[in-house]
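The values are calculated or read from the model by the stated rules, or taken from the named source; none is laboratory data. Because the structure is predicted, anything quoted here is derived from the model rather than measured. So basically every Cβ, Gly included, is an ideal-geometry build from the backbone, and we count neighbours across all protein chains shown.
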Amino acid sequence: MKSVNKPSLKKSDVSSFLFRLMVYLLLTGLAFVFVYPFISMLVDSFKSYNDISNNTVKWIPHEPTIQNYKLALEALNIWRTGANSIIETAAATAGHIISCSLVAYGFARFRFPLRNALFGIVVLSILIPTQTIIIPSYIIYTNLHMTDSILPMVIPSFFGFGLRGGIFIFIFRQYFLRIPKSIEEAASIEGCGPIKTFFRIVLPTTGATMVVCLLLSVVWHFNDSYEPSIYLTSYSKFMLPQMLSILSDQLSTMQNDVSSGLSALTNTVIYHKGTVMAATTICLIPLFVFYIFMQRKFVEGVERSGLVE
């Protein structure tokens, strides 16, 4: 009988397997670094006060409870602050999409004096933290009697600035540079001017790129607590992240104080780390849901906008 030779593993196959194994281990470690805080937050949000106080309780609560979420909803005043956050986020995002795309189109298609210098200033604005210009901005809006409203956070976005407006101008410009000029030339032959060409021909083609800017703007505005804490003073106008910051800062001294608007409960022991984690989870849920629906378009937009080149 003839012996059957068993296939032997080649060195290239072994090297490929080891390389893939190392890549998977590295990705697993990186994924754990990013996912761990969310898992810890979610677990702590279901812990009772006794579980939080017990150092031996780590991942599995001994007394799981949803009371933290009930208290968090009340402490955040979810309906009012949530509505305020949605209104401000929607208005500022609309301003960014309209103004930043228009400014980017001008940089990409038109030649004018100091174009490169002005675009350099736009890019430089990305590096300037909001905290460095907050004092002159506050003085300006105070003189215009616009404080204690969402106007200081919304108006700049309609002028291509606002919260990280320079990034959106850069992303849109990268996309517009790739559009063939023949499309605009054909539109001009049909009698379309620059503005009409932009809104009827060019802007509708920015679907994936617009999704990238839309998602980033929504996340940044919805999560922002710094500017609202500077400009807003009335409790009825507070934003959701702003209330979360107040809840976290005043956790140890929370009392039945109607003026603070944080709670109508008198037992401060009820409020603990689990309550804050439940409030944090509630603030993240809208963003998770929004990202789930926009995930595919977001990935396509990143690939087409030039951010990965």
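Residues being buried (at least 20 other Cβ atoms within 10 Å of the Cβ) and either hydroxyl-bearing (Ser, Thr, Tyr) or assigned by TED's automatic domain parsing to the domain that holds PRO194 (or both) are entirely absent from segment 113-121.
Looking at VAL14, VAL23, which is the one that is at pLDDT 85 or above and either in contact with a strand residue (DSSP E or B) (Cβ under 7 Å, 6 or more places away or on another chain) or assigned to a helix (DSSP H, G or I) (or both)? Explain how you work it out, then say what you get.
Working: VAL14 fails: at pLDDT 85 or above.
Step by step, each of VAL14, VAL23 is checked, and only VAL23 is at pLDDT 85 or above and either in contact with a strand residue (DSSP E or B) (Cβ under 7 Å, 6 or more places away or on another chain) or assigned to a helix (DSSP H, G or I) (or both).
Here PRO228, PRO204, PRO180, PRO194 are screened, and the one residue that is crowded, with 21+ Cβ neighbours inside 10 Å, assigned by TED's automatic domain parsing to the domain that holds SER101 and either in contact (Cβ under 8 Å) with a residue 40 or more places away in the chain or more than 30 Å from ILE78 (Cβ to Cβ) (or both) is PRO228. Selection of segment 129-177 for residues being free of Cβ contacts under 8 Å to residues at least 40 places away in the same chain and among the polar types (S, T, N, Q) yields THR132, SER137, THR142, ASN143.
Can you name the residue in segment 146-164 that is in a loop (DSSP other than H, G, I, E, B) and of a type in the set (Ser, Thr, Tyr) and, of all such residues, is farthest from ILE230 (Cα to Cα)? First the steps, then the outcome.
Step one: list which residues in segment 146-164 are in a loop (DSSP other than H, G, I, E, B), which gives 146-150, 160-164.
Remaining after also requiring of a type in the set (Ser, Thr, Tyr): 147, 149.
Details: THR147: 9, SER149: 11 Å.
Step by step, filter segment 146-164, then rank; the result is SER149.
Can you go through PHE238, PHE298, PHE222, PHE290 and tell me which one is in the same structural domain as TRP79 (by TED's automatic domain parsing), surrounded by fewer than 18 Cβ atoms within 10 Å (Cβ to Cβ), within 30 Å of ILE133 (Cβ to Cβ) and modelled with pLDDT of 80 or more? Exactly one of PHE238, PHE298, PHE222, PHE290 is in the same structural domain as TRP79 (by TED's automatic domain parsing), surrounded by fewer than 18 Cβ atoms within 10 Å (Cβ to Cβ), within 30 Å of ILE133 (Cβ to Cβ) and modelled with pLDDT of 80 or more, namely PHE290.
Can you say whether PHE172 is among the aromatic types (Phe, Trp, Tyr), crowded, with 20+ Cβ neighbours inside 10 Å and assigned by TED's automatic domain parsing to the domain that holds ALA117, as far as the supplied structure shows? Explain how you work it out, then say what you get.
Values: among the aromatic types (Phe, Trp, Tyr): yes; crowded, with 20+ Cβ neighbours inside 10 Å: yes; assigned by TED's automatic domain parsing to the domain that holds ALA117: yes.
When the stated conditions are applied, PHE172 passes them.
In segment 241-254, which residue that is more than 17 Å from the chain's Cα centre (by Cα) and not in a loop (DSSP other than H, G, I, E, B) is modelled with the lowest pLDDT? Write out each step before concluding.
Residues of segment 241-254 that are more than 17 Å from the chain's Cα centre (by Cα), as a first pass: 243, 246-254.
Then drop every residue that is not not in a loop (DSSP other than H, G, I, E, B), which leaves 243, 246-249, 251-253.
Numbers: MET243: 86, ILE246: 78, LEU247: 78, SER248: 72, ASP249: 69, LEU251: 64, SER252: 53, THR253: 57.
Restricting to residues being more than 17 Å from the chain's Cα centre (by Cα) and not in a loop (DSSP other than H, G, I, E, B), the top hit is SER252.
When segment 17-65 is filtered for residues that are charged (D, E, K, R) and either surrounded by fewer than 10 Cβ atoms within 10 Å (Cβ to Cβ) or more than 20 Å from ILE282 (Cα to Cα) (or both), the ones remaining, listed by number, are ARG20, ASP51, LYS58, GLU63.
Within segment 66-96, being assigned to a loop (DSSP other than H, G, I, E, B) and crowded, with 17+ Cβ neighbours inside 10 Å holds for one residue alone: ASN77.
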